[in-house]
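For reference, the structure is listed below as structure tokens.
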Amino acid sequence: MSAVASTSHEGFAEFRKKVTGGGVYAFDICVDRMLHGKLLRSPHAHARIRSIDLRAALQIPGVVSIITGEDLRDLPDPYYGVGLRDQPVIAMDRVRYAGDVVAAVTAVDEQTAFRATQAIMVDYEPLPALMSVAAALAPGAPLIFEEPTRGGSPVLGAGSGFRIDPAPNVLYEYSFAYGDADHWLGAADQVFTDTFDISRINHYHLEPYVNVAWWSGSRVEMWSCNQDPFVLRADISRIFGMPVNDVRIHTPLIGGGFGGKSYCKMEPLLALMARKAGAPVRLALSMDESLLTLVKHPASLTLTTGLDAHGRLLARRARIDLDGGAYCDASTLVAIKTGFRIGGPYAWKAIDSCARVIRTTTVPSGSFRGFGGTQASWASERQMDMIARRRGEYPLALRRRNLLKVGQPFAPNDSGMDCDLAAGLDQLVAQMPPAARKSGRGMGFAIGIKDAGGTGNHAQAQVRLNQRGDVMVSAAAVDIGQGGPAAMCAIATQALGRPFGSATYAAVDTEHTPPDNGTHVSCATTITGLAVEAAALDARAQLLAFGAARLGCAAADLELEGWSLRHGAELHPLEPMIRSYYGGVGWEFAGRGSFKEPYNPATPMGARNVSWMPCWSGAEVEVDGETGQVAVLRLVVGADAGRALDLGACHGQIEGAAAQAFAQAMFEELRYQGESPANATPLTYRVPRAADMPAAFSSFVAEHGLGAGPGGLKGIGEAGMVGIAAAIANAIEDACGASLTRIPFTPERVLEALDAQSSNICAASK
Amino acid sequence: MTIPVSLVINGKTQAFDVGAHHVVADVLRERFGLTGCKVGCDQGVCGACTVLVDGAPVTGCATFMFAVDGREVTTIEGLGLDGALSPVQQAFLAAGAFQCGFCTAGMILSVTALLLRDRDPDEATIRQWLAGNICRCTGYNAIVEAVRRAARQVAEAS
Ligand code: FES
Ligand code: FES
């Protein structure tokens, strides 16, 4: 996420391109002699591939080559995944979900490639499908993988533990504990145990996955929609056994991602297709295929929470099952982050949490805006309300009593809270005018939270300042809609004292761009921003040193004023000074900067969390007790940007995320029917349209000034995702007493909850 | 089978042959280089490929090229004059009514058509009209604000 200096939308050339049709996306890349790819996908959820007959397909005129699992034989390491690598570049002997890629055709055009996929004969031996966590964990369930999983766990630190392949069909287990949970739960005045479920959703980024690749000699070059160019470069280099410098990734504008375009996906397969075809190949997936590529983890979370007699939180035990789907993707990290964040924004004496990733024969689950924070905050903030109601107190009072204070660490040895959680809550409440009490109406609140900036992340940057004072910023933060490049330019020009309009953001190309860990985990403004700021200050220092040498004074005696140097009463215009010394086309002061959050084994994540991303959420709903229909009348969502570079961009990030969370809470879901998704098409998978949004939907941007980034700023890109569902469910309970513990809040579930409530009341009155 | 067509694209008459199966979005992108027309769903659902045909929005991915024979097609590249932005483009820029920008050309064209019909649409009208255009990034508030701005600008200019 990012934000940009005000007025920048009009002044920033890249933004202008987005309203004139001039912006270039991977989707638009077209190179000479370019061929086209199409993929054949498995119709079975689980099957052994007995044989693949390509003869008919290869005879179709225009078909150039076809890749199958056979072609992986000469690759040194044909698997990918974050930490744990279990996903083959293309199915080898087995398919593990309906949608798994079995063959990849390259042909002169898409129609021909598509026709060829239909002519491929695959002989499958169906195996039992494991469509749910329960089925995968059932005694005697067949194994989705027979061999042990390759790779290792991501970095972790004190209090965290992990097990790889701990049980049949369990990929990974993360545990996190501090304090003595047994003791504190035993000593608690009240203990509550509740279970919460969350559904499967897809990113539905409007630009499908699209990449164009070609080889020249032993080098491969790719135009990619992937949001992590250097991660992708590293994966392709490892999979093909080639030096990273032989892999060149270009990242143009990205048409949305929300996590779906992070980490490696079909790009190595495309590299293989281009190598076999001996020509550039474009592989553009359809949106149907995007729906079969990655989803957000469905999960079930059981929380046992103990409080003392004064309503202070003591300890929480969490048992979390994440449905990881067929392959790991980023499941390891999502398990870590869900388990770690389960305490929410509160102070505890003890936490004991365990999050497992269970393999099922469904679409792989992976990175999605919120990244475990959505699942954890949903369960945690919903249970906070349920506990308050059972205790007969106002839910906000329970929250206020237990909130972490500014500077208080989220977990032992972790960074302190870098915002005022209570102040944000006050700001939220002030924007939720108490409605006239009316039957069927209610209000609910939640404070979602997620750490931001990733674990031990780093970034490098270059800022070049020329003789005219023009600025060229070069860093690997890509533009995926968050305005990252504009934010980097704002940070650089602020550090240099140059006008925002003087900055240009260099194209992202791994051959020239200084590396970072990828544009995800809401890290660009903070991590890359710090590197850019350092690079700008370096360029400025070089400029002042140059001036000092020319003027025969100390650099400390000089000040930059406009594009001149002030030395006491004298003002020396810079351009003539630089030109007279360097001549020719001029000169660039090229500053370098970097940032690295050091690893620290004493912290639970293995490094301090760089910043914290709270999501203050409030909802007002009206529930129709007859039909179970819920209308969200008002939705207010706030986040802390630390310092906003561009308020408009911050509102946009918060609201965009909140819209996705709202849809997940109310209706959006990728559903399965038997072994295949029931609604994996653009038409049947429903995302919110303009008229679906709540009648009153607004956001606020807090600026608590405590972020780790330049001038106290920090990322907010995922914030809006993590509090909304709980706020709406809490409002529903406030409105009618229906206690919902499963997302989405369909009318059937509301009616069911209402029935349960009335039978409880009957039972209680007997 | 090819079919001769003659139509006006962004103010210029073009006569050429198309295949019976060719859709507007592909022809605009591939033959005329008008890549501002984006294809998201390719199934007439998301509106990213929206172009104007005689001032009315249609989905370029789901409209055969032969069906626009003799008509006037406007794409995002055809808005504004001599490098200046149209009022709707200007309003989208000023309101920051886009993030990734993949839906933006379709949105701007759709809104352009709305303002041709209704110069002062209320919020409900705007939201209903935008039913044909999905934006997965913004949550729509900034887009609705941009439509209001554009309407004001059009009203002031006339
Ligand atoms: S691309 Fe044409 S409607 Fe989606
Ligand atoms: S700006 Fe990305 S879909 Fe609308």
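The numbers here are math on the coordinates, done by the rules we state, and not lab data. Being a predicted model, the structure only gives us computed values, none of them experimental. Virtual Cβ from ideal backbone geometry, glycine too; neighbours counted across all protein chains shown.
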Surrounding charge for A:Gln653, neighbours by C-beta under 11 angstrom, Lys/Arg +1, Asp/Glu -1, total -2
Pseudo-spin-label distance A:Asp74 to A:Leu537, built 7 Å along Cα→Cβ, given in nm, is 5.1
If one builds a Gaussian network model of chain B from Cα atoms under 10 Å apart, the most fluctuating residue listed among B:Leu114, B:Leu81, B:Leu93 is B:Leu81
Whole-Å distance linking the alpha carbon centroid of segment A:70-130 with that of segment A:584-627 is 36
Listed by chain and number, the aspartates and glutamates with an alpha carbon less than 15 angstrom from that of A:Lys18, same-chain partners under 8 positions apart left out, are A:Glu10, A:Asp28, A:Glu207, A:Asp479, B:Glu77
Percent relative contact order for segment B:2-78, counting Cα pairs under 8 Å at least six residues apart, stands at 38
Answer check: segment B:87-157, Cα atoms, Kirkwood Rh, Rg/Rh ratio of 0.91
The summed charge of the A:Ala556 Cβ neighbourhood (under 14 Å; Lys/Arg +1, Asp/Glu -1) stands at 0
Dividing the surface of the Cα convex hull of segment A:192-309 by four yields a projected area in nm² of 10.4
Taking 0.36 nm per residue of separation between A:Leu571 and A:Phe667 and subtracting their Cα-Cα distance, the length gained on full extension comes to 28.2 nm
A correct Karplus calculation of ³J(HN,Hα) over segment B:103-115, with 6.51 cos²θ - 1.76 cosθ + 1.60, θ = phi - 60°, whole Hz and x for Gly and Pro, returns 8, 5, 4, x, 4, 4, 5, 4, 5, 4, 5, 4, 6
When A:Glu703, B:Glu156 are ranked with the fewest other C-beta atoms within 10 Å first, the list becomes B:Glu156, A:Glu703
If one builds a Gaussian network model of chain B from Cα atoms under 10 Å apart, the most fluctuating residue listed among B:Leu109, B:Leu130, B:Leu85 is B:Leu85
Cross-link reach from A:Lys596 to aspartates and glutamates, straight Cα distance under 18 Å and at least 8 residues apart if same chain, gives A:Asp228, A:Asp414, A:Asp451, A:Asp516, A:Glu533, A:Asp538
Place a point 7 Å from the Cα of A:Asp123 in the direction of its beta carbon; the residues of segment A:57-71 whose amide N falls under 19 Å from it are A:57-58, A:68-71
Per the rule of 0.36 nm per residue minus the C-alpha distance, extending A:Ala756 to A:Arg150 adds in nm 213.5 nm
When all Cα-Cα pair distances of segment A:457-596 are considered, the percent exceeding 18 Å is 53
In whole µm²/s, the translational diffusion coefficient that Stokes-Einstein assigns to the protein assembly as shown, given a Kirkwood hydrodynamic radius over C-alpha pairs, 37 °C and 0.692 mPa s, equals 114
Hydrophobic long helices for chain A, i.e. whole DSSP H runs reaching 30 angstrom or more by Cα along the axis with Kyte-Doolittle mean at least -0.5, come out as A:529-551
Against the 2.2 N^0.38 Å rule of thumb, the C-alpha Rg of chain B sits at a ratio of 1.02
Quotient of Cα radius of gyration and Kirkwood radius for segment A:225-264, i.e. Rg/Rh, equals 1.01
Place a point 7 Å from the Cα of A:Ala141 in the direction of its beta carbon; the residues of segment A:342-366 whose amide N falls under 15 Å from it are A:356-365
Long-range share for segment A:412-502, i.e. C-alpha pairs more than 18 Å apart as a percent of all pairs, stands at 68
For A:Leu307, the net charge from surrounding residues (Cβ-Cβ under 12 Å; K, R +1; D, E -1) works out to +3
Counting only DSSP beta bridges with both partners in segment B:9-90, the antiparallel fraction in percent, to the nearest 5, comes to 90
The lysines whose Cα lies under 18 Å from the Cα of A:Lys450, excluding any fewer than 8 residues away in the same chain, are A:Lys296, A:Lys337, A:Lys405, A:Lys714
Taking r as the C-beta separation of A:Arg55 and B:Gln14 and R0 as 51 Å, the FRET efficiency to the nearest 0.05 is 0.75
Computed over chain A, the relative contact order (Cα-Cα under 8 Å, seq sep at least six) in percent reads 16
note: segment B:13-93, Cα-Cα separations exceeding 16 Å make up a percent value of 52
Label model pair A:Ala696, B:Gln128: point-to-point distance (7 angstrom along the Cα→beta-carbon line) in nm is 2.3
